[in-house]
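Participant: There's a structure below that I have some questions on.
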Amino acid sequence: MKLVLTLLARDEEDIIRENILFHLNHGVDFIIATDNDSSVGTAEIFNEFEKQGVLKSIYESGNDHSQWRWVTKMARLAAKKYKADWVINSDADEFWYPAKGDLKEELKNISPEKSVLEVERHDFVPVTDVEKPFYERMIFRKKISLNALGKPMPPKVIHRALPNVVMFQGNHKLIEPGNLETYKINNIQILHFPIRSYMQYEEKIVWGSQAMERNTELGRGICSTWRILYKKYLNGEFEDYYRSLEYTPDRIASELETGDIIRDLRLQSFLSGHSNRAFSSPKKTAIKKLIDLFWHQA
């Protein structure tokens, strides 16, 4: 079995190396990565891994958030050129975490009639301390993850490699083929780190919303959460909104007691053990198993 991960990023050098390192050590054989006109850092990190033969880097200069086009391009490339069996289409802030062993071990027993798998996302909360790397300070996740509209966080999908696949904006489902049933699985989770600092989140919402406004293909209902947050930015309300999301030590203690958040050290345990941020080629010895102290809390 060959597992290929696609990765789309723009100016996310604070998390992208960790994302690549994590997935290459958890069953991903190869990564196809698209840099959408990053200013600094991201392209250089992609190039480092490309030189090691484990990543193919693509550059897209478009400023209209044509995510579905770029991800579709990568997913088809995974099927046609890189001969993938399964494809994960990931964002930079998503870590696809297997219950046991690695991702390929979790996928190898999926019955042949199942081609699209639905995976839940679990949001980790932003904290007031921003001096440490995100994985050292963001060790608490919501028991129930909701978006800015108070609705359940939509899942993402893993799919078998398909040469003519068309992805929906956001990687939440396949547009083509349209006749494939989606099956929910629980043995893989997405650890999600969307809000890591005020500056990072403001840039993401402002640039992303402005890019979507330039895209004539996207309906107004697409990425509606971002559009609402951009209105807050234009009205001078965005910083207050961000502060309402941020977790102080007192808030953490209170919500741990009520059970609204859960301490989850899985990603920290792995990345702290790789503090030099070095990569071990999967052709050599790769870390296959971690001690999942908190899996039973999922």
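The numbers here are math on the coordinates, done by the rules we state, and not lab data. Just so it is clear, the model here is predicted, and its values are computed rather than measured. Don't worry about glycine lacking a Cβ; one is built from the backbone with ideal geometry, like all the others, and counts go over all protein chains shown.
Participant: Output ³J(HN,Hα) for the range 251-266: one whole-Hz value per residue in order, computed from phi by the Karplus curve 6.51 cos²θ - 1.76 cosθ + 1.60 with θ = phi - 60°, and x for Gly and Pro.
Facilitator: Couplings: 5, 4, 4, 5, 7, 5, 5, 7, x, 6, 10, 10, 6, 9, 9, 4 Hz.
Participant: Sort out the exposed loop trypsin sites (Lys or Arg not before Pro) in the chain (DSSP loop, at most 16 other Cβ within 10 Å) and tell me the longest stretch that has none.
Facilitator: Result, exposed sites excluded: 3-80.
Participant: Enter the Cα centre distance for the pair the range 120-167 and the range 1-65, rounded to the nearest angstrom.
Facilitator: Rounded to whole Å, the Cα centres lie 18 Å apart.
Participant: Taking the simple approach of a point 7 Å from Cα along Cα-to-Cβ for both residue 60 and residue 128, what is their distance in nm?
Facilitator: Distance between label points: 3.9 nm.
Participant: Rounded, prolate or oblate: which fits the chain, taking a ≥ b ≥ c as square roots of the Cα gyration tensor eigenvalues, rounded meaning a/c under 1.5, else prolate when a/b beats b/c?
Facilitator: Rounded is the answer for the chain, as its axis ratio a/c remains below 1.5.
Participant: Hey, another quick one. Rounded to whole Å and sorted largest first, what semi-axes of the equivalent ellipsoid does the C-alpha gyration tensor of the range 43-126 yield via the square root of 5 times each eigenvalue?
Facilitator: So the equivalent ellipsoid measures 24, 18, 16 Å along its semi-axes.
Participant: At 0.36 nm per residue, and after removing the present C-alpha to C-alpha distance, how many nm does the segment from residue 81 to residue 100 gain when stretched out fully?
Facilitator: Here the answer is 3.9 nm.
Participant: Check each of the GluC sites (Glu not before Pro) in the range 56-116 and keep only those in coil by DSSP with at most 16 other C-beta atoms within 10 angstrom; list them in order.
Facilitator: 113
Participant: Magnitude of the Cβ-charge dipole of the chain, K/R +1 and D/E -1, about the Cα centre, nearest 20 debye?
Facilitator: For the chain, the charge dipole is close to 1140 debye.
Participant: Label-point separation (nm) for residue 175 and residue 237, each offset 7 Å from Cα along Cα-to-Cβ?
Facilitator: The modelled label-to-label distance comes out at 3.2 nm.
Participant: With point charges of +1 on the Cβ of Lys and Arg and -1 on the Cβ of Asp and Glu, referenced to the Cα centre of the range 127-223, which listed residue (150, 187, 167) lies farthest in the positive direction of the dipole?
Facilitator: Positive-most Cα among the choices belongs to 187.
Participant: Can you pick out the pairs among 51/104; 2/100; 114/156 whose Cα atoms lie more than 27 Å from each other?
Facilitator: none
Participant: What is the Cα convex hull volume of the range 1-152 when expressed per residue in Å³?
Facilitator: Spelled out: Cα convex hull of the range 1-152, divided by residues, is 152 Å³.
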